[in-house]
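Heads up, the thing below is written out as structure tokens.
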Amino acid sequence: MSDPQGRAAIRLLQGYLWHPAHADLDLESYLPRELDEAYLLWDAVQPPFAFFENGEPTASQTFYQFTVLQVYDARPTSDDLNGDALAASTALGPLLEAMPQGVGWQLWEDLREL
């Protein structure tokens, strides 16, 4: 979402988180809604694929679409966006690693405007 004054909301990271459906897991207990200047968003979704790479069905998991976005006053350069995505990924890594066993994720850089 960009506006005539130059503000832009840009995805830095995009992907999925999942955990066993029977697990009573509140993601807000592990992940902040803000990380430095970026915002973390997640919404429960249907599994985006039927099976994991190891052949295990995804139907036994709860999936979330996961987005890290940042709002800029003016559209940054590609180098700045790459740096911000790397910083967000670096800050997010330890938080994801500290989540309970059984939580999985797949995230990638996605530098598109919302």
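Readers should treat all values here as calculations from the given coordinates under stated rules, not as data from a laboratory. Note that the structure is predicted; figures quoted are calculated from it, not measured. As a convention, Cβ positions derive from the backbone with ideal geometry for all residues, glycine included, and neighbour counts pool all protein chains shown.
When TRP108, TRP18, TRP42 are arranged by Cβ crowding within 10 Å, least crowded first, meaning fewest neighbours, the order is TRP108, TRP42, TRP18.
Using Cα pairs closer than 8 Å and at least 6 residues apart in sequence, work out the relative contact order for region 8-109, in percent. Mind showing how you got there, number by number?
Details: 148 pairs, mean separation 48.5, N = 102.
This gives 48 percent for region 8-109.
Can you give the local net charge around ALA87? Use residues other than it whose beta-carbon is closer than 11 angstrom to its beta-carbon, Lys and Arg +1, Asp and Glu -1. Don't jump to the answer; show the numbers that get you there.
Values: positive: none; negative: ASP36, GLU37, ASP80, ASP84.
So the surrounding residues net to -4.
Most simply put, region 8-109 has about 100% antiparallel DSSP beta bridges, counting only bridges with both residues inside it. Compared with the direct C-alpha span, the chain from ARG112 to THR77 gains 11.4 nm at full extension, assuming 0.36 nm per residue. Pick out, from ALA23, LEU81, LEU35, the residue whose Cα sits farthest towards the positive end of the charge dipole of the chain, with +1 on the Cβ of Lys and Arg and -1 on the Cβ of Asp and Glu. The Cα lying farthest towards the positive end belongs to ALA23. In the chain, the DSSP-assigned H stretches of four residues or longer account for a calculated mean residue ellipticity at 222 nm of -6000 deg cm²/dmol, using -39500 (n - 2.57) per stretch and the full residue count as denominator. When only the Cβ of Lys, Arg, Asp and Glu is charged (+1, +1, -1, -1), the dipole of the chain relative to its Cα centre reaches about 220 debye. Would you look at the GNM of the chain, springs on alpha carbons closer than 10 Å, and say which of THR90, THR77, THR67 moves the most? With Cα springs under 10 Å in the chain, the top fluctuation among THR90, THR77, THR67 is at THR77.
Against the chain, whose longest principal axis comes from its Cα atoms, helix 78-97 is set at around 30 degrees.
Modelled this way, with points 7 Å down the Cα-to-C-beta line, the labels at ASP43 and GLU97 are 3.1 nm from one another.
Taking all Cα-Cα distances within region 8-109, those exceeding 23 Å account for 30%.
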